[in-house]
Amino acid sequence: LVIVFLWEHSRFPDDFSVIVFLARAMSSSSGGPTSPYTTLAISHPAESVTHVELHRPEKLNAMNKAFWREMVDCFNEISGDPDCRVVVVSGAGKIFTAGIDLMDMASDVLQPGGDDTARVSWNIRRIITKYQETFSVIEKCPKPVVVAIHGACIGGGVDLITACDIRLCTHDAWFQVKEVDIGLAADVGTLQRLPKVIGSRSLVNELALTARKMFADEAKSSGLVSRVFAEKEAMMAGALEMAGEIAGRSPVAVQGTKINLIYARDHSVPEGLDYMATWNMSMLQTQDVMKSAQAAMEKKSPKTIAFSKL
């Protein structure tokens, strides 16, 4: 309500002031999660932008049973929401996330149930694939996802961020593939996605096999993150500004770009080109192309165009 009041009464001198004001609210969030979620707080800090905040600050945003279910529900809803064009993910409190909540999750992992080895194994596999979907749903979401990381990003946090499209962090951020320290191989995405994010198989192997910490400067130089900010408030302002730039473009173009980038990552160049040709034979038949071309000729920003919802 405060934001709406200030906006309507023109108390902000420019767009950047709006971004800074919203970023402060986002970076210092202390309210409870928005219903129906108990581990996530959902807000809409700008037009067409959805903010998903990991919200168990008293538990360092550790991932309990509810979290693994609620992330799937949340991103499935976002995927079908025509009012959302881009997502920003962040963590409340002192750090981004401490990873899996071992105390809460132990019963699922250590006591899966079953009358014999075969049935126990099938139940374990079912549990693992269910948890894999928690982060795969981010990748499957056609809306670009910008993740903003501050402080520690441990274990399952690395699984989460590697499923996102753009990664930003603060100078004090650090990352740790922690799973070997607790006696297991990472099984919900890090070992599959991190090699394609960083590109150095040697570095990925080192991080996954030693569980050592990677700090912000190394994360930037290796390509894990694309930008490093001095502190959280500046990072959230940067994330919101970037989200606004993405949201201002044609949703047909933006969502098609994300889908084809992911397809190209997992296929050969000829396969990617063939998929792209098939994709655009229909997606080029949109008013968005002419609207964007007209704006470019008139030297106007794409953000001035009223694109239809998708």
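The values are calculated or read from the model by the stated rules, or taken from the named source; none is laboratory data. Fair warning: this is a prediction, and the values are worked out from it, not measured in the lab. Positions of Cβ are generated from backbone atoms using ideal geometry, with glycine treated the same way; all protein chains shown enter the neighbour counts. Note: accessible area is taken over every heavy atom of the protein model, side chains too, but ligands, DNA and RNA are not part of it. Shrake-Rupley method; radii C 1.70, N 1.55, O 1.52, S 1.80 Å.
Couple of notes before you dig in:
- Whichever residue in the range 155-192 is in contact with a helix residue (DSSP H, G or I) (Cβ under 8 Å, 6 or more places away or on another chain) and among the acidic types (Asp, Glu) and, among such residues, is nearest to Ile124 (Cα to Cα): Asp187
- Ile259 vs. criteria open to solvent by 50 Å² or more (accessible area, probe 1.4 Å) and either assigned to a helix (DSSP H, G or I) or aliphatic (A, V, I, L, M) (or both): yes
- Verdict on Val147 being surrounded by 14 or more Cβ atoms within 10 Å (Cβ to Cβ) and touching a helix residue (DSSP H, G or I) at 6+ places or on another chain (Cβ under 8 Å): yes
- Selection of the range 123-135 for residues being out of contact with any Gly (no Cβ under 7 Å at 6 or more places or on another chain) and in contact (Cβ under 8 Å) with a residue 24 or more places away in the chain yields Ile128, Lys130, Tyr131, Glu133, Thr134.
- Matching option when the condition is part of a helix (DSSP H, G or I), farther than 23 Å from Pro142 by Cβ and modelled with pLDDT of 95 or more, among Met235, Met276, Met214, Met242: Met235
- Among residues of the range 164-177, those that are within 17 Å of Val204 (Cβ to Cβ) and either crowded, with 24+ Cβ neighbours inside 10 Å or touching a His at 6+ places or on another chain (Cβ under 8 Å) (or both), counted: 3
- Number of positions in the range 226-248 that are of a type in the set (D, E, K, R) and crowded, with 21+ Cβ neighbours inside 10 Å: 1
- Among the residues of the range 290-310, just one is touching a residue at least 12 places away in the same chain (Cβ under 8 Å), surrounded by fewer than 16 Cβ atoms within 10 Å (Cβ to Cβ) and assigned to a helix (DSSP H, G or I), namely Lys303.
- Which listed residue is more than 20 Å from Arg193 (Cβ to Cβ) and of a type outside the set (Phe, Trp, Tyr), from Leu224, Leu284, Leu261: Leu284
- Among (1) more than 16 Å from the chain's Cα centre (by Cα); (2) farther than 20 Å from Ala148 by Cβ, the one test that Gln176 misses: (2)
- Members of the range 211-265 that are closer than 30 Å to Ala185 by Cα, of a type in the set (Gly, Ala, Ser) and in contact with a strand residue (DSSP E or B) (Cβ under 7 Å, 6 or more places away or on another chain): Ala211, Ala216, Ala219, Ser226
- Test: residue in the range 178-192 that is surrounded by 20 or more Cβ atoms within 10 Å (Cβ to Cβ), among the hydrophobic types (A, V, I, L, M, F, W, C) and not in a helix (DSSP H, G or I): yes
- Leu203 meets all of the listed conditions (1) modelled with pLDDT of 95 or more; (2) assigned to a loop (DSSP other than H, G, I, E, B) but one, namely (2).
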